[in-house]
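Here's the structure, in structure tokens; my notes come after.
The values are calculated or read from the model by the stated rules, or taken from the named source; none is laboratory data. Here the structure is a predicted model, which means the values were calculated and not measured. Cβ sites come from the backbone with ideal geometry, for glycine too, and all protein chains shown count toward neighbours.
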């Protein structure tokens, strides 16, 4: 049996995604900037995608900017906004549990003379709202907080964060990295006070190499890419039509019967946690039910190095990722696990199991059976 539990790294595309992409590549392959029929047909895909995606967030089509993925969306949100608002101030706030595609642009901005405050998190991975309130200053131009943490699935209190920002400094923008949240949670940027939102297609059963950035029409932002002036001069370069069409198809599908999908994936997560915790020396860093993200379970295995267990599982057809797999040399990245206070000896003994719509309860039972067999054997081996 094969069990792919690494859906937070990437996902298998849905059939509808594959079909529309093949059509866009083989039949409607025109350049959307071309003035002839083929070009117009291609442009229709881009327009339709903006419309479909905007509907999932209840925002305007013109507020959706297509990018090459989550990393570019985060870079543009941070660097583009900072550079456009430098006269208003040079202070940015973020957290200690962000993804490298947020940390590294922030490190770049620090080199350019910006000041960044990194908020601490508690044992559940949540920021302190009081610390946030105290950190906001008149010269704060941007606050960037991820919606769902990619390593252990903590959901940040986005609504409360937004109302504190708007109360303390209404001119500061709020950016949310929603790469692990979009498709899993219902998101309403207008209602929730989110000004910028980053999304990646391949986390929602869409293709790799494409994503989008929601930019509220009031936000002052500069482009990162200059050239032919596509996407209203905000992101030059011929649009990746097949990718954009595939992403929109995935978004539409993920938000159809959304609560049913959410419930199903949460059920898989809870089942794994419940069964795994029955095994000796296993602890859980994620929260069950809707207290944590539906798709992520972070488990620590006492006395076994994560890499050893990862490859032992791989040999049995179970695919997961190591919990501390965020590489960076930036001092603020002490790693999410360190930040939430995971015991030192467990930092290198943690794996992330992440689920998607293709997973089944049978796969989880198979995985737990494999763990039951492997853990005592690997512990003996590691001690020996």
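Side notes on the structure shown:
- Flag for residue 89 being surrounded by fewer than 20 Cβ atoms within 10 Å (Cβ to Cβ) and on the phi > 0 side of the Ramachandran plot: yes
- Condition check for residue 79: at pLDDT 95 or above, part of a strand (DSSP E or B) and farther than 18 Å from residue 208 by Cβ: no
- Total residues in region 146-190, condition more than 21 Å from residue 250 (Cα to Cα), touching a residue at least 24 places away in the same chain (Cβ under 8 Å) and not in a loop (DSSP other than H, G, I, E, B): 17
- Screening 34, 101, 51 for residues that are in a loop (DSSP other than H, G, I, E, B) and surrounded by fewer than 23 Cβ atoms within 10 Å (Cβ to Cβ) leaves exactly one candidate, 34.
- Test result for residue 303, at pLDDT below 90 and either surrounded by fewer than 20 Cβ atoms within 10 Å (Cβ to Cβ) or not assigned by TED's automatic domain parsing to the domain that holds residue 377 (or both): no
- Residue ID - surrounded by the most Cβ atoms within 10 Å (Cβ to Cβ), chosen from residues in region 191-208 that are part of a loop (DSSP other than H, G, I, E, B) and in contact with a strand residue (DSSP E or B) (Cβ under 9 Å, 6 or more places away or on another chain): 206
- Residue 63 being touching a residue at least 24 places away in the same chain (Cβ under 8 Å) and within 19 Å of the chain's Cα centre (by Cα): no
For (1) outside the structural domain of residue 136 (by TED's automatic domain parsing); (2) within 30 Å of residue 138 (Cα to Cα); (3) touching a helix residue (DSSP H, G or I) at 6+ places or on another chain (Cβ under 9 Å), each residue gets a yes or a no:
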{"residue": "27", "(1), (2), (3)": "no, no, yes"}
{"residue": "53", "(1), (2), (3)": "no, no, yes"}
{"residue": "59", "(1), (2), (3)": "no, yes, yes"}
{"residue": "63", "(1), (2), (3)": "no, yes, yes"}
{"residue": "66", "(1), (2), (3)": "no, no, yes"}
{"residue": "87", "(1), (2), (3)": "no, yes, no"}
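- Inter-residue pairs, beta-carbon under 6 Å, first closer than 22 Å to residue 219 by Cα and in region 88-115, second surrounded by fewer than 24 Cβ atoms within 10 Å (Cβ to Cβ) and modelled with pLDDT under 95, 6+ apart: 103/328; 103/330; 103/333
- Flag if residue 214 is part of a loop (DSSP other than H, G, I, E, B) and over 30 Å from residue 370 (Cβ atoms): no
- Every residue from region 259-292 that is at positive phi and assigned to a helix (DSSP H, G or I): 289
- When the criteria are applied in full, residue 252 fails the requirement of being in contact with a strand residue (DSSP E or B) (Cβ under 9 Å, 6 or more places away or on another chain) and under 30 Å from residue 5 (Cβ atoms).
Okay, residues lined up against (1) in contact with a helix residue (DSSP H, G or I) (Cβ under 6 Å, 6 or more places away or on another chain); (2) assigned to a helix (DSSP H, G or I); (3) closer than 30 Å to residue 111 by Cβ; (4) at pLDDT 95 or above:
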residue	(1), (2), (3), (4)
294	yes, no, no, yes
298	no, no, no, yes
337	no, yes, yes, no
365	no, yes, no, yes
